[in-house]
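Note sheet for the following structure.
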Amino acid sequence: MPGVSESTVTPTPTLAVLNTPSTVAPALSRRVLGRGAALGALFLTELLALTIRFDGEALLASPHWWTRDLVWASVLLHGLLTSSAVFLLMVSPRLKPLARSLVDQAAGHWWTPWLGLHLVAVALLWQSTASLFEGGSESVALVVTWTLAATAAGLLGLFAVAPPRWCWAVARREVVALLVAATAGVAAVSSGRLAQEFWAPLASATFYLVRGLLGVLYSQTVSDPRHLIVGTPAFHVEIAPMCSGYEGVGLILVFLSVYLWLFRRTLRFPQALVLLPVGVVAIWSANVVRITALVAIGTSVSPGVAEGGFHSQAGWLFFIAVSLGLMTASHRVRLFAAAVPVSAEARARPEATTEAAALLAPVLVLLASGMLTAAVATEFDWLYPLRVVVTAAALWHFRATYRRLQWRPSWQSLAIGAAVFLVWLWLEPRAPGGAGIETGLARLSRGAAGLWLAFRVVGSVVTVPLAEELAFRGYLIRRLISPAFETVRPGQFTWLSFLVSSVLFGLLHGRVLAGMLAGMAYALILYRRGQVGEAVYAHMTTNALIAAHVLAFGRWSLWS
């Protein structure tokens, strides 16, 4: 540039904050990281205390829209989590430099005043929440106070961890990532609202298609378009919002979006984007078939089976069938597959294919057998021993591959497992549950009940931890780092693989928060020495303590 020498160009304040070389001593860095971990634990405790203590259901009957909308606070939290996940995903290539910069800036940060102000805001948030949710006051001023207190608590907590100057520098540099993350969060919140508003057209279309299919199967059908009731004189159902198909549509869109991103190097774009509308049509059609099959089973087989296991599991079975079908088609159909198909890469690395199969097959067998046995059950899964047998057979088949892993337990893995048990127990709802297991056992003879319990304990303590840890900590956490997962050292850390694998682990178990924290704990013990066996032993310890607690105190909900 004429008239300006290179030596006169100085970095902007934003770049200076983020690009300054690290000068923090290792001991001080460890103290900063310890402080950050303590603050994170404090914030998580505050969130749990608020969500467990206060229930927004009482506000549903409020005549004021500004009060009723607070019931959507949980949805807003989901939006915030979505935004955070998308932001971390977008900045993942720059995450290490950002983390080092944060440690450097936080080393000299005067954080205690910000923490004190944060605690004041949390106290105000607690008081306003109590007045709003339980005090009977629904004034606009109180709602505004509640909103400002929640916002202030979040910002002040952030400033206790990171200096405001550093936060502003990151915001300026990562403005695009922040905008995309905010858009994703708004979309996550809005999708719930839109689903509630626009489920009726989907439900109506589902109703007429189900009625048409049932007309082919049965000479007499029941049909009430006004109340969306359809079936036969012996068994009929109501097409409720969750039965309209919008949940499956949303789930398949999220799944395919993640799949397309992870396999972007082996798929052909933009042709692969066709999988999105194809997936929507396929999953919605599968939902029509599911409801038709539900009525048919209730009419011709057993109402108990239809209302119990099939009703709760068929949706996931169809979702898995559609997902696997689309993934298989994407790699076999030339329209979607890249020039170098996955099968060619697999032939070039046969040992990697064998290892992937060994790590994934047991958990896939576990999930598939679990859904099938639950689908034919009513309230009590009397076929649970079958899950144990087929999963154990899959583990035995690949035993030669597992011999190459390290299987030495340590007291740290046992301690982590015990800590996860305590957290799991603390987060478990106190509401009664698991009555189906207790009732089902009571109907069996003493010998049969003892045999079922023996299989249940073996499955919980042995086959389930082995299958899940091999898949999540043995395969997925490495696959998220590199498509050539076999080249990734077990225990190699990245934020993306750590967070995504933990969240998916929580989603698998239904208890999302408890499962996510458990996944994080098992990942941490893996990072300690890079041995999958330690994560397995930690998981086994957790499940063994849960099994002992169930048998000692009859808290069957922990197994439901």
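The values are calculated or read from the model by the stated rules, or taken from the named source; none is laboratory data. Everything numeric in this text was worked out from a predicted model, so none of it was measured. Cβ sites come from the backbone with ideal geometry, for glycine too, and all protein chains shown count toward neighbours.
Consider region 493-507 and keep the residues that are in a helix (DSSP H, G or I) and more than 13 Å from the chain's Cα centre (by Cα). The one that is farthest from Leu476 (Cα to Cα) is Trp495. Checking region 470-486 against the condition returns a match, with at least one residue being closer than 19 Å to Leu95 by Cα, touching a residue at least 12 places away in the same chain (Cβ under 8 Å) and assigned to a loop (DSSP other than H, G, I, E, B). For the condition part of a helix (DSSP H, G or I), among the β-branched types (Val, Ile, Thr) and touching a Gly at 6+ places or on another chain (Cβ under 9 Å), Ile525 qualifies.
Suppose we filter region 533-552 for residues that are surrounded by fewer than 18 Cβ atoms within 10 Å (Cβ to Cβ) and aliphatic (A, V, I, L, M); how many remain? So that I can check it myself, show each step before the final result.
As a first pass, look at region 533-552 and keep what is surrounded by fewer than 18 Cβ atoms within 10 Å (Cβ to Cβ): 548-549, 551-552.
So of that shortlist, the ones also aliphatic (A, V, I, L, M) come out as 548, 551-552.
Residues meeting the conditions: 3.
How many residues, within region 137-182, are more than 29 Å from Asp104 (Cα to Cα) and either of a type in the set (Ser, Thr, Tyr) or assigned to a helix (DSSP H, G or I) (or both)? If you could, list the steps in order and put the result at the bottom.
First, pick out the residues of region 137-182 that are more than 29 Å from Asp104 (Cα to Cα): 137-149.
The next check asks that each one be either of a type in the set (Ser, Thr, Tyr) or assigned to a helix (DSSP H, G or I) (or both); those that pass are 137, 139-149.
Qualifying residue count, region 137-182: 12.
The C-beta contact set for region 311-337 (first residue assigned by TED's automatic domain parsing to the domain that holds Phe255, second residue at pLDDT 75 or above and among the charged types (D, E, K, R), distance under 8 angstrom, 6+ apart or interchain) comprises Ala314/Arg290; Gly315/Arg290; Phe318/Arg290; Leu335/Arg268; Phe336/Arg268; Ala337/Arg268. Of all residues in region 435-469, those being crowded, with 22+ Cβ neighbours inside 10 Å and part of a loop (DSSP other than H, G, I, E, B) number 0.
When region 499-532 is examined, which residues are found to be of a type outside the set (A, V, I, L, M), surrounded by 20 or more Cβ atoms within 10 Å (Cβ to Cβ) and in contact (Cβ under 8 Å) with a residue 24 or more places away in the chain? If the condition is that a residue be of a type outside the set (A, V, I, L, M), surrounded by 20 or more Cβ atoms within 10 Å (Cβ to Cβ) and in contact (Cβ under 8 Å) with a residue 24 or more places away in the chain, then Ser501, Phe505, Gly519, Tyr522, Gln531 are the ones that fit.
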